[in-house]
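Read-outs: derived from the displayed coordinates by stated rules, not from any lab. Computed from a predicted model, the values in this text were never measured in an experiment. Neighbour counts run over all protein chains shown; Cβ positions are idealised from the backbone, glycine included.
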Amino acid sequence: MRWDNLGDTPAVPADIALFGTDAVTTRTFDAPEFRGITFHEVRARSILNRVPGASRMPFEWTVNPYRGCTHACVYCFARKTHSYLDLDTGLGFDSQIVVKTNAPELLARQLASARWQGAHIAMGTNVDCYQRAEGRYRLMPGILTALRDRANPFSILTKGTLILRDLELLTQAARVTEVGISVSVGFTDQELWRTIEPGTPSPQRRLDVVRTLGEHGIDCGVLMAPVVPFLGDRPEQLRATVRAIAEAGASSVTPLVLHLRPGAREWFTAWLRAHHPGLVGRYERMYADGAYAPTWYQRRITRQVHELAAEFGIGPAHRGAARRIPVPERPATAAAPEQLTLL
């Protein structure tokens, strides 16, 4: 494995490698929820990752305490990153999990550096920081504490229900900085969920997270992603999903059509051949020009979802925008903290 060159891009010079081979400890656990999963524990040398300038992402910095993801989403665009370690992008991505065990203390140190200017940090943009492994390794409480203590703005995108464990830390952070939370729910179809996102909590449990956050005064948007062509895009499916999102009290809904980058594309196509062979040709034609569905199709889905959102009383959000947690009112004698602009 090319551990010496592990980074969030394929080309990381050896002299600035994030950790060396001697820093890797491989573990397996007997607990039923971790059966068949191998954890590679590492002590990273850096945890703040700059997003490449050519990226479509609306943020510049990310923190990723894990690589690989037990959510096992067939379409996950991050699968390709496992190939940089000579790990399999299919089952290997789902079961060979890299854990940066020193992420909290490392982030605290990097945020304290005079060179750090307090830019917004996005989490959950590569793999889910609240995947199953987080229940054992508990890296996020330390990460949130470091961000809170430095009043550093951040956002989280997750499919995991474990985020509710850290509700108090999120509320504390919101008192001093801008915090955004989005939950990913692309569809509510149970059969589609069980086959295409087999390691995730059900869509209804994710919507329960949205509801619970709202009950605690925390606005939460929903990234309706992915909208899966020919499997999750019928008008009645879109309506059911947007209705459920509205009933959960989401502050916004942002649709995003399935995209198939190298690594994910091959794994998704194999899944499609096994489960829906009659759709293979249609997908080949739809994605003939690259990773993204045709613009006309994306616009159609966006229009439909926005119309449904308006009907059910929730508004669309700008793609990739973070959600703001309202800051509790302060006594008249205390000055309200300045709220920073995320994006």
Original post:
Quick one: length gained pulling residue 239 to residue 292 fully straight, 0.36 nm per residue minus the C-alpha distance?
Top reply: 16.8 nm
Original post:
Once a ≥ b ≥ c are taken as the square roots of the eigenvalues of the Cα gyration tensor of segment 175-249, is the result rounded (a/c under 1.5), prolate (a/b larger than b/c) or oblate (a/b not larger than b/c)?
Top reply: prolate
Original post:
Using the Cα atoms of segment 37-312 to build a convex hull, what is its mean projected area in square nanometres?
Top reply: 14.3 nm²
Original post:
Which peptide among 107-118, 150-161 comes first, and what is the full order, when sorted by highest mean count of other Cβ atoms within 10 Å?
Top reply: 150-161, 107-118
Subject >> As computed over segment 104-201, the Cα convex hull volume per residue (Å³) >> reply: 100 Å³
Original post:
Spin-label point model (7 Å from Cα, Cβ direction): what's the residue 299 to residue 216 distance in nm?
Top reply: 4.2 nm
Subject >> Distance from segment 59-77 to segment 252-293 (C-alpha centre basis), Å >> reply: 18 Å
